[in-house]
């Protein structure tokens, strides 16, 4: 398969496996999503979803959050790791949202990335999931899979993001990044697959003599959905 053929095959398979893509982080609006994504750095979504109800009971909007002492924020979010840094960032960005953005999360990459604790990946998640703006958030897991599946030779997530955006239709980006995450967690984890054992690794990295059958979609969507 060529890289473009692998991309097209991947897109078909993932659309079969994951026709719907629920957002893994529990939230009510753009602000609570922003905070949840910030907390998810070096932390599992499950742990974040366990922590955020207590945090949002203290405050679920920037106007109220900026009034909460940082130590109180820290006491709730400590299980997520990097607690002092994240608590300070949540407090500071809440104040900035009130003072510079009318208490609203801006639908703008540059404005989001200017907020404390918010990098390009976090901004991309918020833009795609809160505002529906096409984006392709690439974390270390997507970077790992894109490299494994020979969709990118990028040395960092920024390079991988550019490669994936060139390979896949713009209208697929918001759903596809979640589909890749779901597949990686369920079938192609760092420890659970050696790059040869899961369904997509076998199909995407098959020897050339097998490409014709794979490209033609010889396996049914029903079979593809079976756990590996």
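Since every read-out is calculated from the coordinates, none of them should be taken as a lab result. The structure presented is a predicted model; accordingly, all values stated were derived computationally and were not measured. Please note: Cβ atoms are built from the backbone with ideal geometry, for glycine as well, and neighbour counts cover all protein chains shown.
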(message) Can you tell me which of 94, 128, 197 moves the most in a GNM of the chain? Springs connect C-alpha atoms under 10 Å apart.
(response) 197
(message) Using Cβ counts within 10 Å as a stand-in for footprinting exposure, how do 1, 65 rank, fewest first?
(response) 1, 65
(request) Go ahead and set up a Gaussian network model of the chain, Cα springs under 10 Å, then flag whichever of 30, 75, 146 fluctuates most. (result) 75
(message) For Cα pairs less than 8 Å apart in space and 6+ apart in sequence, what is the mean separation divided by the residue count of region 30-131, i.e. the relative contact order in percent?
(response) 31
(request) Choose one answer from 83, 192, 184: the residue with the largest mean-square fluctuation in a GNM of the chain with alpha-carbon springs under 10 Å. (result) 192
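For region 81-142, what class follows from the C-alpha gyration tensor (a ≥ b ≥ c being the square roots of its eigenvalues): rounded when a/c is under 1.5, otherwise prolate if a/b is larger than b/c, else oblate?
Working: a/c = 2.59, a/b = 1.17, b/c = 2.22.
Oblate, because a/c is 1.5 or more while a/b does not exceed b/c.
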(request) Rank these for me by crowding, 32, 21, 52, going from fewest to most other beta carbons within 10 Å. (result) 21, 32, 52
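Given the DSSP H assignment, sum -39500 (n - 2.57) over each helix run of at least 4 residues in the chain and divide by its residue total; what's the result at 222 nm in deg cm²/dmol, nearest 500? Could the numbers behind the result be given before it?
Details: 14 runs with 136 residues, N = 228.
Roughly -17500 deg cm²/dmol at 222 nm, from the helical runs in the chain.
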(message) Classify region 30-131 from the C-alpha gyration tensor, please: rounded if a/c falls under 1.5, else prolate or oblate depending on whether a/b exceeds b/c.
(response) oblate
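Using Cα pairs under 8 angstrom and six or more residues apart, how large is the relative contact order of the chain, in percent? Write out the running numbers ahead of the final one.
On the way: 256 pairs, mean separation 50.4, N = 228.
The normalised contact order for the chain reaches 22 percent.
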(request) Could you point to the label whose value was computed as volume of the Cα convex hull per residue in Å³ for the structure here, given (i) 306; (ii) 168; (iii) 119? (result) (iii)
(request) Express the Stokes-Einstein translational diffusion coefficient of region 5-55 in µm² s⁻¹, to the nearest whole number, given a Kirkwood radius over alpha-carbon pairs, 4 °C and a viscosity of 1.567 mPa s. (result) 102
(request) Take the alpha carbon atoms of region 93-145, find their center, do the same for region 168-207, and report the distance between the two centers in whole angstrom. (result) 25
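Using the number of other C-beta atoms within 10 angstrom as an exposure proxy, rank 196, 121, 95 with the fewest first.
On the way: 196 9, 121 22, 95 16.
In order of increasing Cβ crowding within 10 Å: 196, 95, 121.
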